[in-house]
Each structure stands twice: as C-alpha cells, then as structure tokens.
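What follows is a single structure, written as structure tokens, with notes after it.
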Amino acid sequence: MANVQELRSFVHWGTFAPAVDRALSAAGWQRIEVDTLDQVPQALKQYRSHVIMFDMVTSQAAALRKIEQLIVALPDVEWLAQVNEQTLQDSRVRELIYANCYDFCMQPVDLQRLQVCLGHAWGMARLGVHKAGAEQQAELGLDGLIGTSKALHDLQTQIRKLAAVTVPVLVTGESGTGKEVVARNLHRLSLRSKGSFIAINCGALPEHLVQAELFGNERGAFTGANARKIGKIEAAQGGTVFLDEIGDLPLDAQANLLRFLQEGTIERIGGHESLRMDVRVIAATHVDLEKAVKEDRFRSDLYYRLNVLRLRMPPLRERDGDVEILARYFLNRFANEHGVRARGFSSNALDAMAAHSWPGNIRELMNRVRRAAVLCETGSITGEDLELTSNNEAASSLEDVREEAERELIQQTLRESRFNMSECSRRLGVSRVTLYRLCKKLKVSANSAA
C-alpha cells in the first residue's frame, strides 16, 4: 500500500459500507471519518486534506446551518454532498448543494462515479491551494501591499528604508492607490510601532472645526466647547499622525500645522500652554502640491517641511501583473466573508481587467470585484459582471478612458449612497471638496433628480 503522505485524502462526515471503504483504500484514497461537524477543521489541518464530503442522507435539517457556517469559514476546500432522492426533496438541501458544492453523489453508492467525483474535487482543491500559496508569496511581508510587480517591489524597498527614520514623509499618488496602507506600514515597521497611529482626512473635516480637531480645545474656547478636548495630534503622542488629503487643509490651519512642524509644540484652542509633542507626521495627497503652491492654495514653507522624504504610489496600470493577483485576493476575501458563489474569473474577465486603465486604481478594482461577486450567477465572474469589456478602450485616448471610468465610478457610488455626498466621498476615499471638484470637472450631477 502507498505511504499515508502519498494518499489522496478527504474528510467525511458520514459512513460508507465496508466494501466501499475497501475499494477506496485500494484505489489510493484515505477517508478521514469524523463523528461531528465540529471536528472537520482539525481533521483538515491534521491530515492536510482539502476535500470534504458530508452526508445529508441521515442528517437532520438542523445540520444545514452548521454546514453553511463551515463552508464560509473554509473557502479553500472543495465540498461534496452525499444524498438520496428523499433528501433532495428538501429545497434547502438543493440550494446548499447548488450554491456551494463542487459535486454530489447519490445513494446507493456508484463506486466508479464516487471515485471520479472525489478525483475531480481533489484536483481542483489542489489548484486552489497552489493559487493561494502564490498569492501569499505576493504579499512579501508588508500588510495590504499585494503583488509581484517591479513597481510594487521598489515601493516596498523604499518603505522599509523610510520606516527607520523619524522625519516627515509625503506620500503622493492618484486616488485609490493605497496611500493610507503605506502610512500604516511606515508606522508598523518603525520604532514608534507601539504608539498610536492616528489617521485624519483633512478634506473631510468641517472648516470651522479643523483647528479643534487637529490641536484640541479648552473648555469654553468657543460656543459648544463644554469640555476640554484632546486633538488628533496630541492623541498621537509617541506615535504617528497621518494627514490624508493634506492639499485640502484650509490656509489658517496650514499656518498652525507649520508651527507644530517647526517647533514641535501645539496649543489647544483657548489655551495658553505650549505642549511639546513627539509625533511623526506622514502626509498624503493626490493633488499636485507644487501647482497648488504656485496658485497660492498651499503654503510653500509648509510644503517644504512636509516634503522631506517622498514616496510616489504607482498607479495600478503601472503594476504589471498585479491586477489579476489583487482581483483573486479580493474575490477570496469576499467569498470568505459573505459566502458568495463566485470562485474565479473567466478568460474574458481577465482580458477585460488587463485592458482596463483603472483610473480608480485598487479601490476601483476592489469595488468592481465585490459587486461582480455578489451579482455573478455562476462560479466564474465574467467581464460583463465586472461591467468591463476587453476592447472597451481600443478607440479612445488614455485620458478619455480615465475620465469616462472616473465618471462611471462616481455615478455608480452616488447612486449606491443615495446621492449623499458625505457618504459618497467616504466610499471613494476622497474629501467632499475633491468630490465636488471631480463632479464639476466630469460633468456629473450630484442631484438624484438629474
């Protein structure tokens, strides 16, 4: 008999006749029988199996919910059902099998059919294991930075270098490229990792409350200030403050931020005490700050204080090969969290993703995959599910395509957020000011009646 490690194995919640067991063993199969569904995860781990067969012939309907929970919790295995004609009369059993199982076998057992069913499921599970392993390798040890492209590798190298110093860093790049992910990695890899990481979206702060949000206030400092409030910068003492969309910060707040960067101190609004702060500043923007300086929309002295070290986020279209890796990563994550039926991408979906310019970058890709995973009616997502076609950009210039994709993304997000501009800007990861500017530029109506 073959060595145990060489046997193809499957975990089985159920029973077979002794003759079936002997035939499977002779054919090189190892059946790992469990008495309860709770034993399934441990059996998978112990025997390194990736196929599960569950018996719905004699089980009670109460087991359905437990099986569904396991299917969601174990997305990297293939599921097989063992049923009979009576069991299939239950619509809940039919729905569970149709939505989640690779295949099913009828009772009484047809041995040849059973072995074919097990063999196909085992082979598909092995493909999934290799794919998942490749995706894990793609992460290269930095949280949330997934891919194998040279552009991403160069960025990861820079992050590791810059994490070791404490001077300000300016992260630039298009919307949706993952600037906050980079900021969190800079903090996590630094000597300040045990301190707080405080993220602030400067464009989302109400203009009349910007100062209080950043620097805090004393009781009675202004109407409604009924108690002392600690500002975001003070809350980050000993750690890192991340100022996202720094280009949208009002000019008066820019002056106070400059004073903090120069002197390392702050004053709460209504206070007279200078508080010394030990906080590293990481700022991010998708706008051209140099142009903003020339147009007197951003202070030049603050720009030079922030721009000590710079990291440029590569747009997704410059990350060769990463789109497919990221798409599979997001699909696996959504499948695990929500139990969607889709498990992969059709060839036309892969072609469409490769041809698309991704103006919304990683955020756009994630949103398209999430929506497609929910709407997909089969196990394979198509280009139509992604609302992409493989040749949708052939006749347009790159700029035209980017603007059209941005327009579609904003219109879709506006509809999904019921034309609530605050909610829409939150979902897109931009400030309200930026969203209004994009709507005007792309001629997108923010009115539901339009």
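Exactly one condition in (1) within 25 Å of residue 430 (Cβ to Cβ); (2) in contact (Cβ under 8 Å) with a residue 60 or more places away in the chain; (3) not basic (Lys, Arg) is false for residue 292; which is it?
The single condition residue 292 does not satisfy is (2).
With the requirement that a residue be more than 30 Å from residue 193 (Cβ to Cβ) and either touching a residue at least 60 places away in the same chain (Cβ under 8 Å) or out of contact with any Asp or Glu (no Cβ under 7 Å at 6 or more places or on another chain) (or both), what does the stretch 270-289 give you?
Once the filter is applied, which keeps residues that are more than 30 Å from residue 193 (Cβ to Cβ) and either touching a residue at least 60 places away in the same chain (Cβ under 8 Å) or out of contact with any Asp or Glu (no Cβ under 7 Å at 6 or more places or on another chain) (or both), the stretch 270-289 yields 272, 288.
Only residues that are part of a loop (DSSP other than H, G, I, E, B) and farther than 22 Å from residue 330 by Cα: list them for the stretch 145-174, please.
Here is the first cut: in the stretch 145-174, the residues part of a loop (DSSP other than H, G, I, E, B) are 145-149, 163-168, 173-174.
Result: 163, 164, 165, 166, 167, 168.
Out of the residues in the stretch 347-359 that are surrounded by fewer than 21 Cβ atoms within 10 Å (Cβ to Cβ) and in contact with a helix residue (DSSP H, G or I) (Cβ under 9 Å, 6 or more places away or on another chain), which is nearest to residue 375 (Cα to Cα)? Outline the logic, then answer.
First pass over the stretch 347-359, keeping only residues surrounded by fewer than 21 Cβ atoms within 10 Å (Cβ to Cβ): 347-348, 350-351, 354-355, 357.
This time we only want the ones that are in contact with a helix residue (DSSP H, G or I) (Cβ under 9 Å, 6 or more places away or on another chain), so: 350, 354, 357.
Working: 350: 17, 354: 21, 357: 23 Å.
Here the residue is 350.
Which of the residues that make up the stretch 360-382 are surrounded by fewer than 17 Cβ atoms within 10 Å (Cβ to Cβ) and not in a helix (DSSP H, G or I)?
Those that are surrounded by fewer than 17 Cβ atoms within 10 Å (Cβ to Cβ) and not in a helix (DSSP H, G or I): 377, 378, 379, 380.
Pairs under 7 Å by beta carbon, first residue under 30 Å from residue 65 (Cα atoms) in the stretch 19-38, partner part of a helix (DSSP H, G or I) and basic (Lys, Arg), six or more apart or different chains?
Taking only residues 6 or more apart or on different chains, the pairs are 37/66.
How many residues does the stretch 196-223 hold that are touching a residue at least 40 places away in the same chain (Cβ under 8 Å) and part of a helix (DSSP H, G or I)?
9
Picking from 178, 238, 224, which residue would you name as being under 26 Å from residue 433 (Cβ atoms) and surrounded by fewer than 18 Cβ atoms within 10 Å (Cβ to Cβ)? Talk me through it step by step, then tell me what you get.
Details: 178 fails: surrounded by fewer than 18 Cβ atoms within 10 Å (Cβ to Cβ); 238 fails: under 26 Å from residue 433 (Cβ atoms).
Sole residue among the options that is under 26 Å from residue 433 (Cβ atoms) and surrounded by fewer than 18 Cβ atoms within 10 Å (Cβ to Cβ): 224.
Is at least one residue of the stretch 80-95 modelled with pLDDT under 85, part of a helix (DSSP H, G or I) and of a type in the set (Gly, Ala, Ser)?
Scanning the stretch 80-95, I find at least one residue that is modelled with pLDDT under 85, part of a helix (DSSP H, G or I) and of a type in the set (Gly, Ala, Ser), so the answer is yes.
Inspect the stretch 408-415 for any residue being at pLDDT 85 or above and at positive phi and give the result as yes or no.
Taking every residue of the stretch 408-415 in turn, none turns out to be at pLDDT 85 or above and at positive phi.
The values are calculated or read from the model by the stated rules, or taken from the named source; none is laboratory data. Source: prediction; values computed, not measured. Note that we place each Cβ from the backbone using ideal geometry, even for glycine, and neighbour counts take in every protein chain shown.
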